[in-house]
Amino acid sequence: MLISPWRSIMFFLQSLLSGILTGGVYALAGIGMSLVFGVMNISNFAHGDLMMLGMYMAYFAFTLLHIDPYLSLVLIIPTAFLFGFVLEKVFIHRIISHPHQNQILLTIGLGLIMSNSALLGFTSDPKILTTSYSSSAVHIAGGISLSVPLLLSFVITCGITGVLFLFLSKTTTGLALWATSQNREAAQLMGINVAKMSALAFGLGTALAATAGALIAPTYYIHPMAGHTFLLKAFTICVLGGLGSVVGAGVGGVIIGVVESMSSTYLSSDWKDVVVFIIFLMVLLFRPQGLFGKKGEQ
Amino acid sequence: MKQVTIIAIIAGIAAVLPLVTGESPYFIGVMISVLMMAALSSAWNILGGYAGQYSFGHAAYFGAGAYTTLIMISTFNFNPLGGMVAGIIVACIIALVTGSIVFRLRGHYFGLASIAVAEIVRLSALNFEFTGGAQGILLSDVSLWGVDLNSKLPFYYGMLLVLVVSLGITLYMRSSKTGFYLQAIREDQDAAASLGINLSFYKNKALLISAALTSVLGSLYAVYIRFIDTSAVLDLRLSIEIILTAIIGGVGTLWGPAVGAVLLVPLAEVLRSNVIGEALVKHGIVSEKSGLGIFFKDNLAHAHVLVYGIITVLCILYLPKGILGLFRRTK
């Protein structure tokens, strides 16, 4: 049977829009990782596990305290920030001048501790966070429908990204953070306390990871090993956008969201992650500095 | 004493060990795991330790060996050795693709790209039909030149042989031109390039050797266990365990990976078989009926990865050169 052109256009638009909505949340995770990379020059392999902790925080806030997952962000963001800040002060800052493989291994170790503690504490059974609006959708013109939780997540993501940009571009602390990210030595010479900036960046990165986790909690299975998939996605996003570029990570996130959604629609959802990783390798092959990265750093 | 002599002596002791201890299947089983991890980690060390290129995706080569061998045996009636050779070819192709993409780049990129390649291989094995998908591949009886492959001993000696070969290559690397080039690349890539060393050629050479050895171990493992699926042979966890073993023993040292395996594999075995949980209950430290007792009994068996995580963090913070690094400092 021939599908009418009208329907296939709608099909395409539907896929594009849901891709953009999911991509927004990916962007948030990517921005967190890119911020840490930019300021500290560390690939944070615990990022996915921090997202997983955010998912569990949203889950327990909902089941134990009966707080709506989106409202619980008010609690999750400061808690996660504090957690990341302490992690940096206790572990990460000690290896900031080590070879990068040691940094990767330390964060892998921290990630293993987090995911396997979650496995011990919360068991391996996947948990599902079902809100009253979990399966409801908004219908817009032409039979396109958008899932309510995804739409809410996207709106919140835009809000948080906006606030983050205002912070980075308007406040003194934010500008200091931005400067450290551009050139750590020069920033230090200008009297910026780069050690404080590192802890701040890691705290912010953790808060963003946990927020992304909490935002996808209502639409994904929550389990201790969930971080694994998101870690690799966050890396792809960062490399695509240019390691260390916050704007790039935002754009990269949306691109990856759309690519995933398109490949599940037109290929098969089993292969969508493969497509994402192939794009990752293509970026390394043809444009290793990423879309927004500075040339010559790779 | 020369290192060659030490390798020969230790290999000799390991070779007669099963004759002395008798064929306790459990002991031989644990020894096979130790030898396999020591060999995997030594093979990884050729690339990671001497060329300074940390691969976080060595499971791809292990899995390539394992999958190719079993597919060749069960579908095309190859004998296990033929399957092993086919596995080496597939692993080398994957290695060449990875190497040609990322060895032009430096720093974080090789590590990230090696994970991406390994994940592509894993997801492909999970989604294609000829690899058995999520169910994996089961192998029925197999024999080679009348040797009984139901016994564990052929695999014990197989793993030992690969370990000795890996150590031999590492030793050769330390005093050959290729080895010096690789160490120069590890210490300062730009300086090495300015002296006329072809960076990507030598990095690819190290990667190919490492991948081929890893793939042979994958083939041995697959025929030994006779069942493989993606979570057993292609998981990121395996890649990380290989690195941890090298790190804990000492990266870039001849014996580091073997020392790491001798320490970590039995530890994992102890945790997995839940000896600690049972001992706590037995000695009355924790009552069997109490909540804590039940919790320990149910969960401590899964805790070995958690312990790996804690060891990694402590090792990077306090012992970044590994256990052998400790001795080196006092020299």
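Values in this text are rule-based calculations from the coordinates and carry no lab data. Predicted model only: the values in this text are computed from it and were never measured. Virtual Cβ from ideal backbone geometry, glycine too; neighbours counted across all protein chains shown.
Some observations on this one:
- Relative to the longest principal axis of the Cα atoms of chain A, the long axis of helix A:73-90 lies at roughly 40 degrees.
- Centre separation in Å (Cα based) which lies between the stretch B:214-233 and the stretch A:252-291: 30 Å
- Taking the Kirkwood radius as Rh and the Cα radius of gyration as Rg, the stretch B:3-250 has a ratio of Rg/Rh equal to 0.98.
- Take every pair of alpha-carbon atoms less than 8 Å apart whose residues are at least six positions apart; their mean separation over the length of chain B yields a relative contact order of 29 percent.
- For the protein assembly as shown, calculated [θ]222 nm from helices alone, where every DSSP H run of n ≥ 4 adds -39500 (n - 2.57): -24000 deg cm²/dmol
- Its Cα gyration tensor gives chain A an equivalent ellipsoid; the semi-axes, largest first and in whole Å, are 31, 23, 18.
- By the count of other C-beta atoms within 10 Å, a proxy for reagent exposure, A:Lys196, A:Lys127, A:Lys233 are ordered fewest to most as A:Lys196, A:Lys127, A:Lys233.
- Residue pairs, from the table A:Lys127/A:Lys170; A:Lys89/A:Lys233; A:Lys233/B:Lys321; B:Lys203/B:Lys321; B:Lys177/B:Lys321; A:Lys196/B:Lys203, whose Cα atoms sit over 29 Å apart: A:Lys127/A:Lys170; A:Lys233/B:Lys321; A:Lys196/B:Lys203
- Relative contact order (%) - criterion: Cα under 8 Å, at least six apart; region: the stretch A:40-118: 53 percent
- Neighbouring Cβ atoms from other chains, within 10 Å of the Cβ of residues in B:308-314, number 6 on average.
- In nm, spacing of pseudo-spin labels at B:Ser194 and A:Ser4 (7 Å Cα→C-beta vector): 7.0 nm
- Taking every alpha-carbon pair under 8 Å whose residues sit at least 6 apart, chain A reaches a relative contact order of 38 percent.
- Arranged from fewest to most other beta-carbon atoms within 10 Å of their beta carbon, B:Cys92, B:Cys315, A:Cys238 become B:Cys92, B:Cys315, A:Cys238.
- Chain A: angle of helix A:194-216 to the longest principal axis, Cα-based, in degrees nearest 10: 20 degrees
- Sorted by Cβ neighbour density within 10 Å, fewest at the top, the residues A:Asp270, B:Asp190, B:Asp229: B:Asp190, A:Asp270, B:Asp229
- The angle between the Cα long axis of helix A:227-241 and the main principal axis of chain A comes to about 80°, on a 0 to 90 degree scale.
- Applying a length cut-off of 18 Å (Cα extent along the axis) and a mean Kyte-Doolittle floor of 0.0 to the DSSP H helices of chain B leaves B:3-21, B:25-45, B:59-76, B:80-102, B:108-127, B:153-175, B:199-225, B:236-249, B:256-272, B:304-318.
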